[in-house]
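What follows is one structure encoded as structure tokens, with my remarks underneath.
Throughout, read-outs are computed from the coordinates displayed, never taken from laboratory work. Quantities reported herein were computed from a predicted structural model and do not represent experimental measurements.
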Amino acid sequence: MSKKKSSGVVYSTDPNFQYQFNEEPEAQTLLPAQQNLKIWVLKLGGNKVVTAIREFVGTNADLTELAKQLKTVCGAGGSGKDGEILIQGDHRDKVLTWLVGKGYKAKKAGG
């Protein structure tokens, strides 16, 4: 869940004062054929390797659902937030095959 950000006013003596919240609208999810996903393999500290799927355009709910499906396909843990999906381990080929099979426009990126 996202936290609401106030306008910076801490206290007001006006009894009719209403706080203004800066709410940004979520981006609508693009169709799979319009997505332009990049699949990276990142090496983290402690010789940990993760597969990162970046540049997803859509709502957090759709990102979380896609991350759940990819984790199931790979049989690994991971997370999905901030437009990026992280899956534990090097599953770049498996993820690419699955995404292309589902109609997503995806390609490998990085070394």
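Quick notes
- Placed amide H near Tyr104: partners under 5 Å, 5+ positions off or other chain: none
- Gyration tensor (alpha-carbon) shape descriptor, region 32-108, a/c threshold 1.5: prolate
- In sequence order, calculated HN-Hα J values of region 41-57 (Karplus, 6.51, -1.76, 1.60; Hz; x Gly/Pro): 10, 10, 9, 9, x, x, 6, 8, 10, 10, 9, 10, 10, 10, 6, 6, 10
- Overall, the anisotropy analysis places region 40-85 in the oblate class: the square-rooted eigenvalues a ≥ b ≥ c of its C-alpha gyration tensor yield a/c not less than 1.5, with a/b not exceeding b/c.
- Across the chain, C-alpha contacts under 8 Å between residues 6 or more apart give a mean separation that, scaled by the residue count, equals a relative contact order of 27 percent.
- Exceeding the 20 Å Cα-Cα cut-off - candidates Lys48/Lys71; Lys71/Lys94; Lys43/Lys105; Lys48/Lys94; Lys38/Lys94; Lys38/Lys105: Lys43/Lys105
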